[in-house]
1. Past the 23 Å Cα-Cα mark, which pairs from Lys65/Lys130; Lys11/Lys175; Lys22/Lys103; Lys146/Lys190; Lys130/Lys175?
2. Could you give each residue of segment 128-143 its phi-based ³J(HN,Hα) in whole Hz, using Karplus coefficients 6.51, -1.76, 1.60 with θ = phi - 60°, and x for Gly or Pro?
3. Considering only the other residues whose Cβ falls under 15 Å of the Cβ of Leu68, what net charge follows from Lys and Arg at +1 and Asp and Glu at -1?
4. For segment 153-161, what does the Karplus curve 6.51 cos²θ - 1.76 cosθ + 1.60, with θ = phi - 60°, yield as ³J(HN,Hα) per residue in whole Hz, taken in order and with x for Gly and Pro?
5. If you take the charge dipole of segment 2-190 about its Cα centre, with +1 on Lys and Arg Cβ and -1 on Asp and Glu Cβ, which of Val111, Ala69, Ile142 is farthest toward its positive end?
6. How much net charge surrounds Ile20 when only other residues with a Cβ under 12 Å from its Cβ are counted (Lys, Arg +1; Asp, Glu -1)?
7. Tell me which DSSP H helices of the chain clear both cut-offs, 18 Å or more of axial length from alpha-carbon atoms and a mean Kyte-Doolittle hydropathy of at least -0.5.
8. Compute the distance from the alpha-carbon center of segment 148-163 to that of segment 34-96, in whole Å.
Amino acid sequence: MKTIAIATGNKHKIEEIAAILKPLGYTVISADELGGLPDDIAENADTFRENALIKARACAKHWNKTVLADDSGLVVDALDGLPGVHSARYAGEGGNDGRNLDKLLRNMEGVENRAARFVTVIAIVTPDGKESTAEGTVEGRIIHEKRGTGGFGYDPSFVPDGETLTFAELPAEAKNSMSHRANALKNAVKLGLL
């Protein structure tokens, strides 16, 4: 098994990435196992790609290891792409999954076009500075309420195309087979990055 360090403190993301990478022969090392994330990471870029690279560069240097970082978010057509790169902070600093989702549903009241997609860009950076990225998306729609107890973030109100259940209602294995994060990791494998 090969190991790769994951540049996130989000336990849900670590579990999801570990589940997706395990069949590919990888075990993951969490940020906590490496002493935590560096203090000076500022994800202040305008794109998922640049935010993922900011994290991966800082952690590869800090830990002296090959690092995988991702930046993900929900892009809603009727909201001109919001919450987008601000998905984790959509309800403001100190916001959480519940407040972010509540704000999204309020902003979607009365909106007919419910089309949305989750986007993930993963960045892999080595200690010697080699950088690569891969993107994955999953198309779907925002429903009018929250359904399900699985997943995290916007999952309780996102139904992927071809499904009737939200990401929060689908079994983890099913979500992990079609998610934006899974698609980004599969694309990284296709490109020979992993």
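Since every read-out is calculated from the coordinates, none of them should be taken as a lab result. Just so it is clear, the structure is predicted and the values come from calculations on it, not from any experiment. Reconstructed Cβ throughout: ideal geometry from the backbone, glycine too, with neighbour counts over all protein chains shown.
1. Among Lys65/Lys130; Lys11/Lys175; Lys22/Lys103; Lys146/Lys190; Lys130/Lys175, the Cα-Cα distance tops 23 Å for Lys22/Lys103; Lys146/Lys190; Lys130/Lys175.
2. 8, x, 6, 10, 8, 9, 8, 10, x, 9, 9, 7, x, 8, 8, 8
3. +4
4. Per residue, the Karplus-derived 3J(HN,Hα) values read x, 8, 3, x, 10, 10, 10, x, 3 Hz.
5. Final value for the positive-end residue is Ala69.
6. Value of the local net charge: +1.
7. Span-like helices here: 48-63.
8. Here the two parts' Cα centres lie 21 Å apart.
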